[in-house]
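Notes to accompany the following structure.
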Amino acid sequence: MARRKNVVLIVLDTLRKDYGDRYIWPLLKKYGFKKYDNAVSTAPWTTPSHASMLTGLYPSQHGAHLTKKDTLLTVKLNASRLPFFLPRELKELGYTTYLFSANPLLSKETGYLFDVEDVKVDFLDRINLKIGQLIKTEDAKRFRETMIKHGARSEPYWKKVFFLLREGEVKILLKLGLVEVLKTYVNTLRLISSPLTGWPLDKGVTYLLRRIKHTTYREPSFLLINLIEAHEPYRWVLFADAYRNRFVNGRLNSNVVRKAYEKSVIYLAKHVKTLAELLISELNNPIIIITSDHGQLLGENGAFGHNSYLHDELIRVPLYIYGIQAKTDSWLSLRRIYDISKAAAQGKDVIDVSEKTVFSELFLCHEKKPKGVVSVPCHRIAAYQGPWKVVYDVKEGSVVHKISYDGSMVNERKLVEEIKNFLKKSKLIRIRRVFTRGS
Ligand SMILES: [Zn+2]
């Protein structure tokens with residue numbers, strides 16, 4: 001039997017394809033990586049995208065996505081009720097699994113179970129997360145509802161306070177006030193200490209590289225590494241929530257954000273080079289997959305950030321692979337990383353990952369209202385096939401966006417049919433999942 005290869009999946013969180021190709025690819029190609037230009041993420045944010053890479057399933061099939069109940073911080077991957085979960089399956093093949101994560105959304109608490117876990121979330125960021133938890137989901141929902149009722153999502157603070165008082169929501173007002181004070185305190189501390197910690201340029205990469213270097217691996221091993229330097233906040237574009245609101249509402253200066261993002265990617269690039277060099281020299285027979293879970297909007301269509309759109313800047317991601325060849329002449333869904341990793345574990349050098357159509361899913365939409373941007377639950381699916389892309393709104397039953405990459409006429413009907421078949425298949429998988437759990 002072929003000797004089992006060590007498999008490493010490096011996710012450069014929030015890295016856009018264009019910035020990855022410009023700043024990271026030139027540093028990697030000399031080591032023998034191959035670049036794939038048609039990789040498509042299954043979702044525009046961390047949790048569902050990682051869950052797809054590790055299960056081979058789309059978000060509506062693995063279930064780790066936003067719902068009316070779950071917010072960004074509470075969505076979990078329930079791997080125990082899924083038939084596929086790469087770390088578990090590789091463990092059964094004799095692998096030891098390692099998680100090195102700078103993203104708080106990836107840890108055993110959110111369902112990513114590995115034998116060895118090293119999660120480095122910036123100390124003050126942990127405090128910020130805890131502060132955020134002071135506002136219970138129920139309170140946040142009531143606050144949102146009050147603001148929507150008065151059309152006050154982007155009004156100044158004093159007006160929000162006024163509306164809460166008018167609705168008699170004194171408890172929520174006090175809690176929000178406390179959270180604001182604590183957050184301002186923590187973020188001031190962060191800024192003051194940033195010359196020492198390097199934050200926000202360094203969001204944990206230096207620490208994690210040191211840990212990766214000094215770990216003794218039990219081979220064969222599977223490593224999932226998430227580096228989050230390309231994620232906001234960026235140096236010079238700061239200030240927590242005020243920043244976040246402007247980020248979503250698109251009132252930032254896109255040139256400033258682009259420059260700051262570029263600086264973060266350049267900083268990340270040199271560490272990725274060091275990491276690739278280290279893994280190639282330290283591990284026997286490594287397979288290294290470097291990608292991103294989603295990109296980042298830097299002012300395109302008046303929007304910043306990620307989570308709520310299916311634009312190409314968000315879901316067409318960089319992909320560089322070392323040690324195994326993934327064959328495809330069309331689109332490559334990131335969910336196939338599951339198959340590529342399993343093929344590598346079986347000692348294969350080549351795997352065919354051709355698919356006629358690939359999909360990406362969204363469960364939270366931003367809608368522009370006269371008073372600002374409002375987040376609303378939705379279900380939108382992007383389908384890529386040949387030279388075409390279509391984005392379909394499931395509830396509305398209509399195409400909201402389409403692209404032809406070669407100027408030919410988009411066959412909308414055909415793509416919508418593919419999406420409907422995809423929905424049927426997802427429903428069957430969901431039913432089987434519930435049935436398996438109950439039995
Ligand atoms: Zn992410």
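The values are calculated or read from the model by the stated rules, or taken from the named source; none is laboratory data. Note that the structure is a prediction, hence the values are computed from the model and not measured. A quick note on method: Cβ atoms are made from the backbone with ideal geometry, for glycine too, and the neighbour counts reach across all protein chains shown.
If you check Ile135, Ile212, Ile225 for being among the β-branched types (Val, Ile, Thr) and either in contact with a His (Cβ under 9 Å, 6 or more places away or on another chain) or in a helix (DSSP H, G or I) (or both), only one passes: Ile212.
Here the condition is being within 17 Å of the chain's Cα centre (by Cα) and not charged (D, E, K, R); of Val317, Val376, it holds for Val317 alone.
Taking the conditions exactly as written (assigned by TED's automatic domain parsing to the domain that holds Asp293, surrounded by fewer than 15 Cβ atoms within 10 Å (Cβ to Cβ) and either among the polar types (S, T, N, Q) or more than 16 Å from the ligand (Cβ to nearest atom) (or both)), does Thr188 satisfy them or not? Considered against the rule, which asks whether it is assigned by TED's automatic domain parsing to the domain that holds Asp293, surrounded by fewer than 15 Cβ atoms within 10 Å (Cβ to Cβ) and either among the polar types (S, T, N, Q) or more than 16 Å from the ligand (Cβ to nearest atom) (or both), Thr188 comes out as no.
Selection of the range 41-65 for residues being of a type in the set (A, V, I, L, M, F, W, C) and more than 12 Å from the ligand (Cβ to nearest atom) yields Leu54, Leu57, Ala64. In the range 96-110, how many are touching a residue at least 60 places away in the same chain (Cβ under 8 Å) and more than 13 Å from the ligand (Cβ to nearest atom)? Within the range 96-110, residues that are touching a residue at least 60 places away in the same chain (Cβ under 8 Å) and more than 13 Å from the ligand (Cβ to nearest atom) number 5.
Every test in (1) at pLDDT 95 or above; (2) more than 30 Å from Lys5 (Cα to Cα); (3) surrounded by fewer than 20 Cβ atoms within 10 Å (Cβ to Cβ) is passed by Tyr392 save one, and that test is (3). Say we look at the range 62-104 and pick out the residues that are polar (S, T, N, Q) and modelled with pLDDT under 95; which of these is nearest to the chain's Cα centre (by Cα)? Across the range 62-104, the extreme among qualifying residues is Asn103. Looking across the range 191-224, the residues that are surrounded by 21 or more Cβ atoms within 10 Å (Cβ to Cβ) and under 26 Å from Val257 (Cβ atoms) come down to Pro200, Lys203, Gly204, Val205, Leu208.
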